[in-house]
Amino acid sequence: MNFVEKQGNLFTSSPEYYFVHCISGDYALGAGIAKQFNKFYGMKDKLRKYYPIQNRNYNSYVGKALLIDRTFNLVTKARCYQKPTYETLTESLFDLREQCEKRQIKKLAMPRIASGLDKLCWSAVSAILQSVFLNTDIDIVIFF
């Protein structure tokens with residue numbers, strides 16, 4: 001794994017990178033970078049189409065990485081007004097790793113996930129991220 005943090009705009013990263021960001025299981029996408037993903041890519045409608053929520057069970061995708069186009073949506077909490085836990089973040093990162101390995105995805109670009117509006121400690125999130133991807137050949141660029 002190659003892990004780099006750099007200042008810049010996530011959306012201007014090289015096109016061979018897959019984006020990664022965190023969302024809630026209710027697909028609110030109403031704040032933070034999730035709102036930008038919805039604005040630029042129509043993410044909410046695509047999520048509802050390809051990953052429908054059955055019977056308002058907003059927990060059904062918690063801990064998963066939902067791939068839409070070239071974006072992995074990490075579902076780290078059920079509802080938009082909740083906060084994720086390190087456990088649900090870790091589960092979604094392991095799912096992300098598994099999908100990257102299965103699809104031979106080698107490049108990921110993301111913001112400092114779960115540490116903005118979601119309020120998890122970035123140093124702890126970074127340590128989890130690096131631990132999950134430790135023995136891979138995946139390049140990860142963190143934009144701040």
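The values are calculated or read from the model by the stated rules, or taken from the named source; none is laboratory data. Fair warning: this is a prediction, and the values are worked out from it, not measured in the lab. Ideal geometry is used to build each Cβ from the backbone, glycine not excepted, and the neighbour counts take in all protein chains shown. Surface accessibility is based on the protein's heavy atoms, side chains included, excluding ligands, DNA and RNA. Shrake-Rupley method; radii C 1.70, N 1.55, O 1.52, S 1.80 Å.
In region 1-27, what count of residues is obtained for those that are open to solvent by 40 Å² or more (accessible area, probe 1.4 Å), among the hydrophobic types (A, V, I, L, M, F, W, C) and part of a strand (DSSP E or B)?
Looking only at that region, the number is 2.
Only one residue in Lys46, Lys35, Lys39 is basic (Lys, Arg) and touching a residue at least 12 places away in the same chain (Cβ under 8 Å). Which one?
Within the list Lys46, Lys35, Lys39, the selection yields Lys46.
Please indicate, with yes or no, whether at least one residue in region 108-115 is of a type in the set (Gly, Ala, Ser) and under 21 Å from Phe40 (Cβ atoms).
Yes, region 108-115 contains at least one residue that is of a type in the set (Gly, Ala, Ser) and under 21 Å from Phe40 (Cβ atoms).
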